[in-house]
Amino acid sequence: MTVVKSPGGVVYAHSGSADVELTGARTALSPAEIELLVLIDGKTNVDELARRAAPLSEEAIKKALEKLVRAGYIVPAADVTSAGIDPGDFFSSAEQGVASLKKNGYFVCIAHAAAPRKIVKDEKLSLLVVEDDEQLAKLVRTYFKMEGFETRIAGSRAALEAALREAKPSVVLLDVMLPDADGLDLLAAMRRHPAVKEVPIVMMTAKSTRESVLQGIRRGANGYVTKPFNVDVLLKAVKSVLGVK
Amino acid sequence: MNPLDELRAEYRAELPAKLAHLRELLTKGQLKDLHRALHTLAGSAGTFGLPAVGEAAREAEACCEAGHAERLAALIDAIGAKAA
């Protein structure tokens, strides 16, 4: 494979399988690989990727890029131009395409697959839905109850803290925009707290920009689902981060 | 009716009240609350089977964020048209 140097370094672009990976309900990629996959846009060179992906080390970035190339998720941007497509136009069109897909009910869903595990006898998985939109929270609760989960709702930071004190859930669905807190700050706080730091957290948000997805991943989210979502896909994401079928 | 369909029907039934609330916030000039209400509507309508309403709400939310208050009345009407 020919690697073409741009003035600031190599520029990579997604292949079709990268987009499948970023919108699927499961991923086997590491957080560093996902982060780079999200940052790669066909215009940003490796030097700039390294700056944006800090604190990932240069070595970690190199290894992740090599793996992504080997697995066919990314290609040097020259491979895109060799097809006669200008990279600028190509990615501008791609962004428009994503907007159009969203308009038609598609969404972003990233979930790290946990190690598979079996549900032991009499074990009940519990879900805590942190969402201030009461109707949406009720819909999610009803759906997950139908799927066998014990489900509670918290509509604010205070309610989340009370719910965590009451019982540790198997998994948390966390809205990014709460009336009294930033969900990303709550995510970071939970990741620091010894009692709940291991609880898988799937972020739910109406923001689907690269930056917002990255913020969630960097602060330790196990999954990221954009609104509006399909509840079936939300269930797949939750099962994926729990490692259950 | 399946419980999920009941919730979807309930959501649709409450849309006129949500729209009235949006108009009231606009009339009172409470743009921060209006932005939040539009954000909520944009995030939920598609999940309740109303993607066109969600998309119209997202457009109004972006307009509100950009501070183009003069266009909001028309955009809220557009949400109403999609909900009808």
Flag if B:Leu41 is in contact with a helix residue (DSSP H, G or I) (Cβ under 7 Å, 6 or more places away or on another chain), away from every other protein chain (no Cβ under 11 Å), assigned to a helix (DSSP H, G or I) and surrounded by 13 or more Cβ atoms within 10 Å (Cβ to Cβ): no
Residue match in segment A:204-212 (condition: surrounded by fewer than 23 Cβ atoms within 10 Å (Cβ to Cβ), in a loop (DSSP other than H, G, I, E, B), of a type in the set (Gly, Ala, Ser) and more than 14 Å from chain B (Cβ to nearest Cβ)): no
Matching residues, segment A:36-54, being among the charged types (D, E, K, R) and either in a helix (DSSP H, G or I) or in the same structural domain as A:Val213 (by TED's automatic domain parsing) (or both): A:Asp47, A:Glu48, A:Arg51, A:Arg52
Verdict on B:Ala78 being over 12 Å from the mean Cα position of the chain (by Cα) and of a type in the set (A, V, I, L, M, F, W, C): no
Single match in B:Ala45, B:Ala84, B:Ala57, B:Ala62 (criterion: at pLDDT below 95 and within 24 Å of A:Pro179 (Cα to Cα)): B:Ala62
Residue within segment B:18-36 that is part of a helix (DSSP H, G or I), surrounded by 13 or more Cβ atoms within 10 Å (Cβ to Cβ) and either in contact with a Lys or Arg (Cβ under 6 Å, 6 or more places away or on another chain) or within 9 Å of another protein chain (Cβ to nearest Cβ) (or both) present: yes
Index of the failed condition, A:Ala221 passing every other in (1) in contact with a Pro (Cβ under 6 Å, 6 or more places away or on another chain); (2) surrounded by 24 or more Cβ atoms within 10 Å (Cβ to Cβ); (3) more than 14 Å from A:Leu127 (Cβ to Cβ): (1)
Those helices (runs of 4 or more DSSP H) lying entirely in segment A:55-162 with at least 3 residues in the same structural domain as A:Gly16 (by TED's automatic domain parsing) and at pLDDT 80 or above: A:58-70
Failed item in (1) more than 10 Å from chain A (Cβ to nearest Cβ); (2) within 16 Å of A:Phe229 (Cβ to Cβ), with B:Gly67 passing the rest: (2)
Options A:Leu127, A:Leu164, A:Leu174: the member that is under 21 Å from B:Gly54 (Cβ atoms) and not charged (D, E, K, R): A:Leu174
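The values are calculated or read from the model by the stated rules, or taken from the named source; none is laboratory data. Just so we're clear, the structure is a prediction, and the values are computed from it rather than from any experiment. Counting neighbours? That spans all protein chains shown, and the Cβs are built from the backbone with ideal geometry, glycine included.
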